[in-house]
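Here the structure comes first, spelled out in structure tokens, and everything after it is commentary.
The values are calculated or read from the model by the stated rules, or taken from the named source; none is laboratory data. These numbers were taken from a predicted model, which means no experiment stands behind them. Cβ: placed from backbone, ideal geometry, glycine included. Neighbour counts: every protein chain shown.
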Amino acid sequence: MVNKTALVSSLASLGIALGIASGQAVAQMSSEQMQHSKTEQKSQFRRIEQPLWSKSAVTVGGLGLIGLELWWFLLSKSKSQQAKINQGIQESNITVDGGYEPSRIVVNTGQRVRLNFLRRDPSSCLEEVRLPDFHIAQNLPLNQVTPIEFTPDKPGTYEFTCGMNMFRGAIEVLSADSTPVATPTTTAQPTHHTEPEFSTNVESAIVATSTLAGIQEATVTVEKGYQPERVIVEAGQRVRLHFQRYSPNKCFDKLLIPDFNLAVELTPNQTTTVEFTPKIPGEYEFTCGMKMYRGVIEVQASSVANDGKVSAFSTYKHNH
């Protein structure tokens, strides 16, 4: 009788031998196939000589595209328009549609300028136009003409932009005889923090103090917001607000008072003064450049009526 153990051992040995042999054969075949495949791939990629005219056309086309890009970004000039004189005012119409058309307005110094912005584009970026050098920030209602007036007192080029600084234009002011106009003044402040000269309450409000020159003055500290958050003045009298900025927050780099067309840069550890004359009683908002922090200018009716009687404004001021 055949030994089963020996038979199983023999079959196992034969299987292992066949496996090793077949593995070597497969490895050899794979190696040959890979070499053959590489040879075929090498034979597939052959250099094709192009005619000289084709090479020249490609080179000239590439240089042309490069030149066009350089001209577009560096040498192309924006469309310019000379403002027209209308009843002593330099006037120009600007269409707001995917940008500003025209994008450059030429005016003279020392003469009132009126820019009529007609907004056609519904983009939220173009909802507002800013002229930082003239401290103007103005909302532009859709499909309406919004006039903006100012008087340039120095020659130069002054930029105007949309609210997000994506679209830009320029006002080119040519030299002419002119008289200076009032601009916000900036004076250095000590680097240490001093206590503000007002008391805070739940509403954080202050009533402006009238100077001998008849100007209503108040100081607002800019640190973690505006303190006080509410400044109370009366209509028909010049207002002078001193903004003392201590916060390094980038949002406070700019102060916006849109109802009085003011957009002013605030420098850290300095006081920036703005002036305006409110004519109509009401509440007028001021904000930081990103509109994250807000305050209110409360304009009340004049304290002295025509008959010399004191109004409720003086009573409020006396009680507070």
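Annotations for the structure displayed:
- Test: residue in the range 165-182 that is modelled with pLDDT of 85 or more and either among the aromatic types (Phe, Trp, Tyr) or within 22 Å of residue 248 (Cα to Cα) (or both): yes
- Near pairs, Cβ below 7 angstrom, 6+ apart or cross-chain, from the range 238-250 (assigned by TED's automatic domain parsing to the domain that holds residue 292 and assigned to a strand (DSSP E or B)) to any residue that is surrounded by 19 or more Cβ atoms within 10 Å (Cβ to Cβ) and among the small types (Gly, Ala, Ser): 239/208; 241/218
- Residue check for residue 151: touching a residue at least 40 places away in the same chain (Cβ under 8 Å), in the same structural domain as residue 90 (by TED's automatic domain parsing) and among the polar types (S, T, N, Q): yes
- Test for residue 204: is it surrounded by 10 or more Cβ atoms within 10 Å (Cβ to Cβ), modelled with pLDDT under 50 and hydroxyl-bearing (Ser, Thr, Tyr): no
- Tally, over the range 205-237, of residues that are of a type in the set (Asp, Glu) and assigned to a loop (DSSP other than H, G, I, E, B): 2
- Every residue from the range 89-105 that is more than 17 Å from residue 163 (Cα to Cα), surrounded by 18 or more Cβ atoms within 10 Å (Cβ to Cβ) and hydrophobic (A, V, I, L, M, F, W, C): 105
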